[in-house]
Amino acid sequence: MSSGQPGAHKLAGPRARAGGRRRGRLPATLRLGRSGVHGWGVFARDFIPEGERVIEYVGERITKAEAERRDAARLARLAAGGDGCVYVFETRTRHDIDGGVTWNPARRINHSCAPNCEAEEDDHGRIWIVARRDLAPGEELTYDYGFSLEEWRGHPCRCGAPECVGYIVARGQRWRVRRVLAAAARP
Ligand SMILES: [Zn+2]
């Protein structure tokens with residue numbers, strides 16, 4: 001995601017900040033449903049105007065060092081054919097956010113190569129999912145996960161957008177994946 005500054009920091013301890021915990025309940029404007037993209041998804045219940053902070057991406061606040069440790073463990077799981085889901089958001093502050101917790105319903109929001117929402121960090125290192133355009137009732141929310149190029153093969157994308165590259169990769173890196181795929185398709 002956005003590049004944070006690595007470095008050693010004092011441990012705040014897991015779940016140091018209790019604020020913002022809502023036991024995994026979605027805001028009234030949203031509902032959970034079977035996704036057209038993948039598994040479960042999050043849908044607009046009502047009209048949501050462009051620019052609205054739809055939901056906060058909450059989670060465990062962890063140090064950059066702990067985030068790196070968890071990412072290495074995750075990549076090892078992925079390499080072994082297991083679950084390689086990414087839930088850690090890098091922030092510009094001292095802590096990153098591991099959203100892979102039951103009390104973060106925003107983790108259910110799927111990636112799309114043509115997303116209708118985006119993830120934004122505020123001045124306090126909190127992550128918000130913000131509507132990029134007006135959302136109609138019943139629309140599934142999506143944002144660009146912004147994955148790095150290193151592990152694109154482990155994350156196929158089924159978003160169905162015309163510009164979908166077939167893998168979950170940050171927008172600015174998709175041309176590289178297209179080039180690799182085109183080269184592989186040549187006889
Ligand atoms: Zn896609």
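Residues in the range 68-85 that are under 15 Å from the mean Cα position of the chain (by Cα) and on the phi > 0 side of the Ramachandran plot: none. Hey, does the range 86-99 have a residue that's touching a residue at least 12 places away in the same chain (Cβ under 8 Å) and either at positive phi or within 16 Å of the ligand (Cβ to nearest atom) (or both)? Yes, the conditions are met somewhere in the range 86-99.
Considered as a group, the residues in the range 128-137 that are in contact with a strand residue (DSSP E or B) (Cβ under 8 Å, 6 or more places away or on another chain) and assigned to a loop (DSSP other than H, G, I, E, B) include one that is farthest from the ligand (Cβ to nearest atom), and that residue is 137.
Run down 85, 113 and say which single residue is under 22 Å from residue 25 (Cβ atoms), out of contact with any strand residue (DSSP E or B) (no Cβ under 7 Å at 6 or more places or on another chain) and hydrophobic (A, V, I, L, M, F, W, C). Before the answer, list the steps.
Details: 113 fails: under 22 Å from residue 25 (Cβ atoms).
Matching residue, one of 85, 113: 85.
If you take the residues of the range 168-187 that are under 14 Å from the mean Cα position of the chain (by Cα) and not in a helix (DSSP H, G or I), which of them is farthest from the ligand (Cβ to nearest atom)? Let's see the steps before the verdict.
As a first pass, look at the range 168-187 and keep what is under 14 Å from the mean Cα position of the chain (by Cα): 168-171.
Now narrow it down to the ones that are not in a helix (DSSP H, G or I): 168-170.
Details: 168: 7, 169: 9, 170: 12 Å.
Among residues in the range 168-187 that are under 14 Å from the mean Cα position of the chain (by Cα) and not in a helix (DSSP H, G or I), the one farthest from the ligand (Cβ to nearest atom) is 170.
Within the range 22-47, residues that are without any contact (Cβ under 8 Å) to a residue 40 or more places away in the chain have Cβ atoms under 8 Å from residues that are β-branched (Val, Ile, Thr) in these pairs: 27/54; 27/55; 29/48; 29/54; 31/42, counting only partners at least 6 apart in sequence or on another chain. Residue 121 satisfies every condition listed in (1) under 15 Å from the mean Cα position of the chain (by Cα); (2) under 22 Å from residue 40 (Cα atoms); (3) of a type outside the set (Val, Ile, Thr); (4) crowded, with 19+ Cβ neighbours inside 10 Å except (2). Checked across the range 118-127, the condition of being in contact with a strand residue (DSSP E or B) (Cβ under 9 Å, 6 or more places away or on another chain), at positive phi, away from the ligand (no atom under 16 Å from the Cβ) and at pLDDT below 95 holds for at least one residue. All conditions but one from (1) under 20 Å from residue 27 (Cα atoms); (2) away from the ligand (no atom under 16 Å from the Cβ); (3) under 13 Å from the mean Cα position of the chain (by Cα) apply to residue 103; the one that does not is (3).
Considering only the range 138-167, state which residues are without any contact (Cβ under 8 Å) to a residue 40 or more places away in the chain, surrounded by fewer than 19 Cβ atoms within 10 Å (Cβ to Cβ), near the ligand (Cβ under 10 Å from one of its atoms) and assigned to a loop (DSSP other than H, G, I, E, B). Don't jump to the end; show me each part of the working.
As a first pass, look at the range 138-167 and keep what is without any contact (Cβ under 8 Å) to a residue 40 or more places away in the chain: 143-144, 148-150, 152-153, 156, 166-167.
When the remaining residues are screened for being surrounded by fewer than 19 Cβ atoms within 10 Å (Cβ to Cβ), the result is 148-150, 153, 156, 166.
Of the ones still in play, those that are also near the ligand (Cβ under 10 Å from one of its atoms) are 156, 166.
Result: 166, single match.
The values are calculated or read from the model by the stated rules, or taken from the named source; none is laboratory data. None of these values were measured; they are calculated from a predicted model. Cβ: placed from backbone, ideal geometry, glycine included. Neighbour counts: every protein chain shown.
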